[in-house]
Amino acid sequence: MVSSVIDVSGWQLKVQWAARQQSAEEIADLALQSCDRFVRAFPVFEGAWKVSSEVGSVEYRDNAAPELVRSSLLRVDGEPDPARGFSFLLLSPVIDGSHAAIRVRAGATHQTRRVAPNSVSVDFSSVDFGEPVTLSTSGPGFEAFVDLAKSLEVLWEAESMKVADRAPEDLLGE
């Protein structure tokens, strides 16, 4: 199979859902399943993923991962607020100068009219600021990313899904 290099700088996906209580253990399990699904879609990122938040960072398969999720409550006025849910990242190993991030914000029971309080988003970043993010792939590329989004929408029982193959104009800066 022929391998090609593709620019994934603007690839973004986000699944969202309304207020719904979920335990830290359930969220940690779903996050690990999300990571596994990502690696199935993009095997080049197989390796030592990390769970990271304001309170610390651990290997994603570490027994301490659920505790890190549990301690990653969003804060209001500096105080943990269980109604706002949990917020943390899953970070891939760096591959050819790029890495992937899965951002999880889940377990929120506080609902506003403006935005869904719970979401999972995925994107890619370069370790060198301003450099394009590229992947070597022999697979379908963006189609695999769309399939991943659909899979995460089902896994998290999300109510909406957005997938983009370029950064929105307002994020590019002038």
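The values are calculated or read from the model by the stated rules, or taken from the named source; none is laboratory data. Because the structure is predicted, anything quoted here is derived from the model rather than measured. Using ideal geometry, Cβ is built from the backbone for each residue, glycine included, and neighbour counts are taken over all protein chains shown. Protein only, heavy atoms only, side chains kept; ligands, DNA and RNA dropped before computing areas. Shrake-Rupley method; radii C 1.70, N 1.55, O 1.52, S 1.80 Å.
Go through 152, 116, 90 and say which Cα lies farthest out towards the positive end of the charge dipole of the chain; charges sit on Cβ, +1 for Lys and Arg, -1 for Asp and Glu.
Value: 116.
Evaluate the relative contact order of the chain (contact order divided by residue number), counting alpha-carbon pairs under 8 angstrom at least 6 apart; express in whole percent. Could the numbers behind the result be given before it?
Values: 357 pairs, mean separation 61.7, N = 174.
It comes to 35 percent, rounded to a whole number.
Rounded to the nearest 500 deg cm²/dmol, what is the calculated helix-only ellipticity per residue at 222 nm for the chain, with -39500 (n - 2.57) per DSSP H run of length n ≥ 4?
About -7000 deg cm²/dmol.
Output the 0 to 90 degree angle, nearest 10, between the alpha-carbon long axis of helix 24-41 and the longest principal axis computed from the alpha carbons of the chain.
Taking the Cα atoms of the chain, the angle to 24-41 is about 10 degrees.
Leaving out ligands, DNA and RNA but keeping every protein chain, what accessible area does residue 13 have, in Å² rounded to the nearest 10, with a 1.4 Å probe?
Counting only protein heavy atoms, the figure is 10 Å².
What accessible area per residue, rounded to a whole number of Å², is obtained for the chain using a probe radius of 1.4 Å?
56
With a 1.4 Å probe and all protein chains left in place, how much of the accessible area of the chain comes from carbon and sulfur atoms, in whole percent?
Summing carbon and sulfur atoms, their accessible area is 50 percent of the total for the chain.
Mind checking which of 26, 153, 79 has the largest fluctuation in a GNM of the chain, springs on alpha carbons under 10 Å?
It is 79.
Give me a comma-separated list of calculated 3J(HN,Hα) values for segment 144-154, in order, Karplus coefficients 6.51, -1.76, 1.60 applied at θ = phi - 60°, integers in Hz, x for any Gly or Pro.
Karplus values, whole Hz, x for Gly and Pro: 5, 5, 5, 4, 4, 4, 4, 5, 5, 4, 5.
Ignoring ligands, DNA and RNA, how do 99, 110 rank by accessible area with a 1.4 Å probe, largest first?
Largest to smallest exposure gives the sequence 110, 99.
Using a 7 Å offset from the Cα along the Cα-to-Cβ direction at both residue 103 and residue 67, what is the distance between the two label points in nm, to one decimal?
Rounded to a tenth, the inter-label distance reads 2.8 nm.
Would you mind calculating the gained length between residue 157 and residue 39 on full extension (0.36 nm times residue separation, minus the Cα-Cα distance), in nm to one decimal?
Here the segment from residue 157 to residue 39 would lengthen by 40.5 nm.
How much length is gained if the chain between residue 95 and residue 165 is pulled fully straight, taking 0.36 nm per residue apart and subtracting their Cα-Cα distance, in nm to one decimal?
Taking residue 95 through residue 165 to full extension adds about 23.2 nm, to one decimal.
With a cap of 12 neighbouring Cβ atoms within 10 Å, and only residues DSSP puts in a loop, list the trypsin sites (Lys or Arg not before Pro) found in segment 55-125.
Qualifying residues, ordered by number: 61, 113, 114.
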